[in-house]
Every structure is written in C-alpha cells, then in structure tokens.
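Written out below as structure tokens is the structure these notes cover.
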Amino acid sequence: MKRVSTENLVPGMITAEDIYTYSNHLILPKGLVLTDKSITKLEFYSILSIRVEDEISAPETPDDNLSFSQRIQASEEFKEYKQKFENTIDDFKIDINQIVELNADLDAPHLLQHALNLLDGKNGRINVFSMLHNMRNYDDLTYAHSLNVALICNVLAGWMRLSEEDIQTATLAGLLHDMGKMKIPDNIIKKPAKLTANEYNIVKTHAIEGYNLLKNCNVNEHVKNAALMHHERFDGTGYPLGLANEKIDPFARIVAVADVYEAMTSARVYRGPLCPFKVLAIFVSEGLAKYDPTVILPFMKNIVDTYMGNRVRLSNGVEGDIIYFNPQDPSRPTIKCGSNYIDLTQEFNVEIAAII
C-alpha cells in the first residue's frame with residue numbers, strides 16, 4: 001500500500017481505502033480499479049492524494065460506441081449481480097410466503113442476509129444504483145420491489161452516517177415494508193392496467209395488513225412501524241393514519257423515500273420507468289414538504305453524485321456529459337455538450353430525458 005498524489009494516478013491502480021469528500025460523502029470504494037473517469041472524479045472533488053495497492057490491474061477498455069447502460073449490462077459484474085439477484089428473489093419469495101401463508105417464524109437475520117448478500121460485490125454500496133437502473137425489465141412485483149427498496153435503504157442509511165446497527169435496521173425495514181401486499185387479492189396486485197379508485201383504496205390497506213403480520217413477530221419495533229407508516233408524509237397528507245413530522249417513525253421516513261424512488265424509476269403497465277432526474281425534479285418541487293429533510297436532502301445530494309460524468313440525452317435531443325450539480329436544484333445540472341455548456345438551472349425549457 002502506498003499514497004499517491006491524484007495527478008500521478010494512472011488507470012489500473014487499485015484503491016486501498018474508501019475515498020470520501022471533505023463532507024464525508026463516499027466517492028470511490030476500496031478495491032476499485034481506477035479508470036480515467038474515476039481519476040477525473042477525484043480531481044473534480046479536489047482529492048489531493050489517495051492510498052493505492054502495490055499491484056496494478058489492467059483497466060477495462062469500454063467500447064466508446066456503447067451507451068452507459070450498455071456498458072453496464074455488458075460487464076461481468078452486472079451479469080453476476082443479475083444472476084445473484086434472481087436467485088435471491090426466488091429464496092426471498094419462499095421465505096416470505098412461508099411466514100404469511102404457513103405462519104412460520106420470522107427469522108430476521110436470515111431475511112436480512114438476502115439483501116446483504118447483494119452488497120458483497122467489489123463495488124459494494126456505491127454501485128447499487130447502476131445495477132438497479134439496468135434491471136428495469138425484471139418483473140417488478142412485490143418481491144423485487146421490496147428487495148430493491150431494502151438495498152436503497154441500506155445505501156441511504158449509509159449516506160446519513162447512521163451506525164451499522166441502524167443501517168441493518170433500515171435495510172430490514174425496507175425488505176419487509178410491503179409484506180401487507182401479500183394480503184391483497186392477486187387480481188388487484190397483478191392487474192395489467194391502472195387501478196380504479198376503489199382498487200387503489202384496497203391496496204392502501206396493505207400498510208395496516210403489514211403491521212398486523214409483523215406486530216407479534218420477534219423483530220425490531222422500527223421495522224413494524226415502517227410497514228405501517230411508510231406511506232405517511234411529513235406534511236400529514238399520507239396514510240393510513242395521517243401522521244406528520246416527528247410522529248412518523250424515523251425508519252419509516254427512510255423507507256418512504258426509498259420506496260417512492262424505486263417505484264418511480266421502475267416500469268409500470270401504464271408507463272415506462274422514469275429517468276432518475278425526473279424523479280429528483282418531483283422531489284425538488286413537492287418532496288421537500290412531504291419527506292423528512294434529514295432524509296431527502298442527503299438522498300438527493302448523494303444520488304446525483306453517483307451520476308457525475310455520466311452521459312445524458314436532453315429533451316431537445318442534445319447529448320452531453322454531466323459536469324456540475326447545482327446544490328439548490330440537483331435535478332438540473334450543468335451539461336458539457338462538445339465545446340458548449342448548458343446550465344439547466346438557466347434553461348427551463350430543457351430537461352434530462354435519459355441517462356445513456
């Protein structure tokens with residue numbers, strides 16, 4: 001292990017430590033093989049030097065003709081993750097059905113391991129969003145959604161600098177938040193069309209149903225409350241109890257943000273998956289009143305950091321690279337398009353349409 005100044009880093013070097021910004025946000029994880037892009041990211045955040053391993057690895061040389069998503073999906077890491085995810089879904093489904101249908105004991109550590117196993121890859125938490133956003137053709141039923149929410153909760157709790165014990169509690173809360181949907185009739189949950197108002201009211205009962213399933217189980221009270229309260233909103237407009245502010249369990253507030261983000265960036269029968277920046281725009285316009293600011297602000301700050309340097313397509317058809325995020329509106333960064341720069345905070349008739 002040795003310390004190397006950022007200006008002397010070369011592609012192929014391997015990080016020997018997690019690298020954080022001066023405000024304690026993770027930039028690059030330990031064990032990452034550096035590329036030109038990751039070195040540029042260090043320079044952007046004014047990181048003067050990092051520790052690297054003594055050995056050097058041959059960096060991947062992605063085809064510049066491939067889009068960001070195509071490069072992710074072509075990588076061995078993604079193929080391995082996708083297979084592991086699908087195997088985990090099968091096991092998770094069996095475990096949950098045994099609890100709901102056969103009244104089996106809830107083994108919290110065993111269930112938690114389903115999510116933690118998916119965070120064991122070489123890039124750990126930092127790569128979760130790249131993986132999830134490239135699996136949107138997966139059949140997003142309750143089981144896949146719950147597992148995805150658990151992973152997002154894990155990352156978000158880490159961004160909030162919670163203790164490892166609280167991170168695990170948040171992860172389990174995300175994993176079990178929608179258990180009540182197992183009590184909703186299949187013809188409604190799996191309906192291949194948008195729900196009617198009456199059907200939606202039936203679906204809304206899943207919060208209470210989930211709490212009833214968990215209330216007598218040997219599981220943290222925060223996890224039970226998250227099942228009941230993850231649709232409550234900070235301004236009191238949520239359901240089923242119309243709770244507001246501090247009356248909402250703090251872990252339910254974490255699950256609420258992860259749940260909405262995952263649902264909106266997933267495909268639905270009546271719409272395709274929304275671009276993450278469109279979801280961020282919704283959070284900026286209405287979410288700051290509806291969600292705990294100690295949760296939603298770290299989420300927005302860090303989620304945009306994961307896309308620094310990525311190529312995007314704008315609503316006017318122009319393509320470019322993200323080079324700067326405006327802290328006041330992270331959904332509208334500055335884009336470098338050839339030799340031109342487009343500051344989306346000044347161009348209100350243009351928005352990011354897709355990450356490419």
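Take Asp91 and tell me if it is surrounded by fewer than 13 Cβ atoms within 10 Å (Cβ to Cβ), acidic (Asp, Glu) and modelled with pLDDT of 75 or more. Walk me through how you get there before you give the answer.
Working: surrounded by fewer than 13 Cβ atoms within 10 Å (Cβ to Cβ): no; acidic (Asp, Glu): yes; modelled with pLDDT of 75 or more: yes.
No.
At pLDDT 90 or above and β-branched (Val, Ile, Thr) - does that describe any residue in region 129-151?
Checking region 129-151: at least one residue is at pLDDT 90 or above and β-branched (Val, Ile, Thr).
Condition (residue is small (Gly, Ala, Ser), buried (at least 20 other Cβ atoms within 10 Å of the Cβ) and not in a loop (DSSP other than H, G, I, E, B)) applied to region 196-203: is it met by at least one residue? Before you say what the answer is, go through the steps one by one.
First pass over region 196-203, keeping only residues small (Gly, Ala, Ser): 197.
Those left that are additionally buried (at least 20 other Cβ atoms within 10 Å of the Cβ): none.
Looking through region 196-203, none of the residues is small (Gly, Ala, Ser), buried (at least 20 other Cβ atoms within 10 Å of the Cβ) and not in a loop (DSSP other than H, G, I, E, B).
Test Phe283 against the stated conditions and say whether it is more than 11 Å from Arg233 (Cα to Cα) and at pLDDT 95 or above. Working first, answer last.
Values: more than 11 Å from Arg233 (Cα to Cα): yes; at pLDDT 95 or above: no.
Answer is no for this residue.
Can you tell which of Phe234, Phe299, Phe277 is of a type in the set (Phe, Trp, Tyr) and open to solvent by 10 Å² or more (accessible area, probe 1.4 Å)? Before the answer, list the steps.
Numbers: Phe299 fails: open to solvent by 10 Å² or more (accessible area, probe 1.4 Å); Phe277 fails: open to solvent by 10 Å² or more (accessible area, probe 1.4 Å).
Just a single option satisfies the conditions, and that option is Phe234.
For region 171-179, state whether one or more residues are more than 18 Å from Ser266 (Cβ to Cβ) and assigned to a loop (DSSP other than H, G, I, E, B).
Step one: list which residues in region 171-179 are more than 18 Å from Ser266 (Cβ to Cβ), which gives 171-173, 176, 179.
Next, from what is left, pick out any that are assigned to a loop (DSSP other than H, G, I, E, B): none.
No, there is no match, as no residue in region 171-179 is more than 18 Å from Ser266 (Cβ to Cβ) and assigned to a loop (DSSP other than H, G, I, E, B).
Check Ile202, Ile184 and return the single one that is over 27 Å from His114 (Cα atoms) and of a type in the set (Val, Ile, Thr).
Numbers: Ile184 fails: over 27 Å from His114 (Cα atoms).
None of the others qualify; the one that does is Ile202.
So Glu209 ticks every box in (1) in a loop (DSSP other than H, G, I, E, B); (2) in contact (Cβ under 8 Å) with a residue 24 or more places away in the chain; (3) more than 13 Å from the chain's Cα centre (by Cα) but one. Which box is left unticked?
(1)
Please give the number of the condition Gly320 fails out of (1) over 25 Å from Val260 (Cα atoms); (2) modelled with pLDDT under 90.
It is condition (2) that Gly320 fails.
Taking region 22-50 on its own, how many of its residues are of a type in the set (Ser, Thr, Tyr) and touching an Asp or Glu at 6+ places or on another chain (Cβ under 8 Å)?
Looking only at region 22-50, we keep the residues that are of a type in the set (Ser, Thr, Tyr), and these are 22-23, 35, 38, 40, 45-46, 49.
Checking the rest, the ones that are also touching an Asp or Glu at 6+ places or on another chain (Cβ under 8 Å) come to 35.
So the count comes out to 1.
Right, Glu165: within 21 Å of Leu118 (Cβ to Cβ) and charged (D, E, K, R) or not? Full working, then the answer.
Values: within 21 Å of Leu118 (Cβ to Cβ): yes; charged (D, E, K, R): yes.
When the stated conditions are applied, Glu165 passes them.
Residues that are closer than 30 Å to Lys247 by Cα and free of Cβ contacts under 8 Å to residues at least 24 places away in the same chain: which strands (runs of 3 or more DSSP E) entirely in region 271-356 hold 2 or more of them? Show your work before the answer.
Values: elements: 311-314, 319-324, 334-337, 340-343, 352-355.
Correct list: empty, since no element meets the threshold.
Give me a count of the residues in region 3-52 that are more than 19 Å from Asp305 (Cα to Cα), in contact (Cβ under 8 Å) with a residue 40 or more places away in the chain and within 26 Å of the chain's Cα centre (by Cα).
2
Quick one: how many residues across region 305-317 are open to solvent by less than 10 Å² (accessible area, probe 1.4 Å) and modelled with pLDDT of 85 or more?
Within region 305-317, residues that are open to solvent by less than 10 Å² (accessible area, probe 1.4 Å) and modelled with pLDDT of 85 or more number 2.
Restricting the search to region 146-164, which residues are farther than 14 Å from Leu132 by Cα and hydrophobic (A, V, I, L, M, F, W, C)? Spell out the reasoning first.
Here is the first cut: in region 146-164, the residues farther than 14 Å from Leu132 by Cα are 156-164.
If the condition is that a residue be farther than 14 Å from Leu132 by Cα and hydrophobic (A, V, I, L, M, F, W, C), then Leu156, Ala157, Trp159, Met160, Leu162 are the ones that fit.
I need the full set of residues from region 237-270 which are open to solvent by less than 20 Å² (accessible area, probe 1.4 Å) and assigned to a helix (DSSP H, G or I), in order please.
Those that are open to solvent by less than 20 Å² (accessible area, probe 1.4 Å) and assigned to a helix (DSSP H, G or I): Phe251, Ala252, Ile254, Val255, Ala256, Val257, Ala258, Asp259, Tyr261, Glu262.
Given (1) at pLDDT 95 or above; (2) closer than 18 Å to Asp292 by Cα; (3) not in a loop (DSSP other than H, G, I, E, B), identify the lone condition not met by Gly158.
Unmet condition: (1).
The values are calculated or read from the model by the stated rules, or taken from the named source; none is laboratory data. Quick caveat: nothing in here was measured; it's all calculated off a predicted structure. Glycine gets a Cβ as well: all are built from the backbone with ideal geometry, and neighbour counts include every protein chain shown. Ligands, DNA and RNA are stripped out before the accessible areas are found, and what is left, the full protein with its side chains, is counted by its heavy atoms. Shrake-Rupley method; radii C 1.70, N 1.55, O 1.52, S 1.80 Å.
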